[in-house]
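Every number in this text was worked out from the coordinates using simple rules, so none of it is lab data. Because the structure is predicted, anything quoted here is derived from the model rather than measured. Using ideal geometry, Cβ is built from the backbone for each residue, glycine included, and neighbour counts are taken over all protein chains shown.
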Amino acid sequence: MEIQILDAGTLNGFDVEVDVLVVGLGAAGAASALGAREVGAETLVVERAGGGGGTSAMSGGVIYLGGGTALQKACGFDDSPEEMLKYLRASVGAGRDEAKLELYCEGSVEHFDWLVAQGVPYKETYYYGQSGEPPTDDGLVWSGSENVAPFRELAIPAPRGHVAAVPGAAGHKVMSTLCEAVEASGAKTKFNTICTALYRERDGRITGARVETFGESHTISARGGVIITTGGFILNDEMLDAYRPEARKCSMRVAADGDDGSGIRLGMAAGAGTRHLDKVSVSLPVTQPWDLKAGLLVNAQGQRFINEDAYYGRLGDNALLRQDGRCWLIVDDTFYVKPDYGFELAAVGETPKELEEELGLPEGTLQSTIEVFNLHAKRGVDPLFGKREPFLTPLTTAPFGAIDCTTENARYAVFTLGGLATDVDGRILDPDGRVLPGLYGAGRSTSGLAIDGYSSGLSLGDGTFFGRRAGRTAGAR
C-alpha cells in the first residue's frame, strides 16, 4: 500500500467533516473513540476489516491494572500505585517512559472502574496456577513476574491480571463490549476502509485523511485530529528484517491481518519519530501447567540461564533473544506432566548422562547443571537464579526428559512493542520530541509502557488508557 502525505490546500473541500478521526478499531481505537465522545466530539472510526476487534479480540483479554482496584480488594490482595510503579520500573526494560508509567499507575484504579462502566464484566474471584488468562471465568491472575526473583525483592508482589468473566481467552468479550460502547456513544464507524494518506496544512497541522472503501476514495476532515491505532508490524517481514529479524523464527505471530505496520509508516511519513522498533514480546509457554516450573531450562551449553518460575514472556525473551532459541526444559518422572500448547519431548534418558548424550550437549555440562541444582534444592534454595518454592524439586527420579524448546519445534508467540513516539496525551512527536499538531496515536502503533520486559495485559492496558487520553485531547480541540 502506497502511503502519502498530501497538501490540504489542494482540496476544494472534504467529502466528510468530523471532529476526530480514529484509524483502527481494536482496544486502543475503541478507547480513543470513547474518550473523544466523552468531551462531546463528533467522532468517526474507520477500520480496514469487516468489523471491530483486531488483535485485541484475538488476545487472552488480560488487562494489566493495579494500585488497589476493586477486583484486587475483593480477592483479598493489597496493592498500591507505589508498589505497582516499583515493579513496572524494574520489569519493563531500559528506555522506559517515566511519565507514562507514573500516570498509568496513578490512574489504574480509575481506569478499571471506567472499563466496568463500559460494561466489561469481572468475576470477583482469584485463580492460581496460570500465567495470563485462566481456563475458568475467574477475574484475577498473576500475569507477570511480580512474585519471582528478582522482582519480589524490589516491590511487594500482587496479581494484576484483570480478566473478563468468560472461560479461557477473553479478548473477544472485552472487544465486543467496547465496540458496543462505541456504538452506544454516538461515534460513527466505517468498516472495510483503509487510510492511505493524511492531509497536512502549510503550518504542519494534520487536518484530515484519505480513505478507501472497496477501491473508492473519500476525503475526511478531522478538525481535532487523526488518531492512529492500527496495531504493530509483526506481519511486515521487511520491517522485521530491519529492526528485529529474530522474530521471524517464531512459529506464531500474534496478530490480526492489519498488523503490517501501515499506521506506523503513515506516521513516519508525516514526520513522526519512533521509539524501540527493535523491541518485541516473545512468549514461551512451556511451563503451563505450573508443575513444569520445577524443570530446568538449559541452553546449548547445558547450562541454566533463568529462573524457570518466571513469567513465560520473560522465558521467551531470554530463550530467543539471548540463547538463539536453542534450549530445552529438563524434567524428571516426579513432576512431569504433558505441557499445554503442543510441546513435545526431544529426548529421554535413564540418567542425566544419557539425556545429555541424546541431546548432543557438551560432555558433563548437563550432568553438572543438575548436580549443582539438586545440591541446593535439597536445602530449599536456588543461589544462581532465585527460583522459589514450591518449584525447588531435586531432579532424581528416572526417566529424565527434555522438552523441546527450540524455535523450529516449539511454540514461540511474538508481537512488536515499538512504534510511534507519543506523549502522555497521545500526541505524536517528531524525532526531536516536538508535537506534530493534529496527529495522535495509541496502542501498538506507538511505543507504550513495555520496552523489552512484558507482562500480560500491558498492551490492552496502555492501549485503552492512553487511547482514551488521546481521544479526549483530540476531541477537546
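Computed values, structure above
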| read-out | value |
| --- | --- |
| Rounded to 10°, Cα long-axis angle of helix 108-118 versus longest principal axis of the chain | 60 |
| Over 28 Å (Cα to Cα) - which of K73/K190; K73/K188; K279/K387; K86/K249; K249/K293 fall in this group | K73/K190; K73/K188; K86/K249 |
| Span from the region 232-260 Cα centroid across to the region 105-131 one, whole angstrom | 30 |
| Relative contact order, percent, the chain [alpha-carbon distance under 8 Å, six or more residues apart] | 24 |
| Within the chain, longest stretch clear of exposed chymotrypsin sites (Phe, Trp or Tyr not before Pro) (DSSP loop, no more than 13 other Cβ within 10 Å) | 215-477 |
| Kirkwood Rh, angstrom, the chain [1 / mean 1/r, Cα pairs] | 23.0 |
| Long-range tail of P(r) for region 285-404 (Cα pairs > 20 Å, %) | 34 |
| Net charge of Cβ neighbours under 12 Å - reference T397; Lys, Arg +1; Asp, Glu -1 | -3 |
| Likely footprinting exposure, K86, K378, K387, K100, fewest C-beta neighbours within 10 Å first | K378, K86, K100, K387 |
| Distant-in-sequence amide H partners of G26 (H built 1.01 Å from N, under 5 Å) | G53 |
| Unit charges at the beta carbon, dipole of the chain: most positive-side option, L25, V116, Q4 | Q4 |
| Ellipsoid semi-axes in whole angstrom, largest first, where each is sqrt(5λ) of the Cα gyration tensor of region 142-244 | 37, 22, 16 |
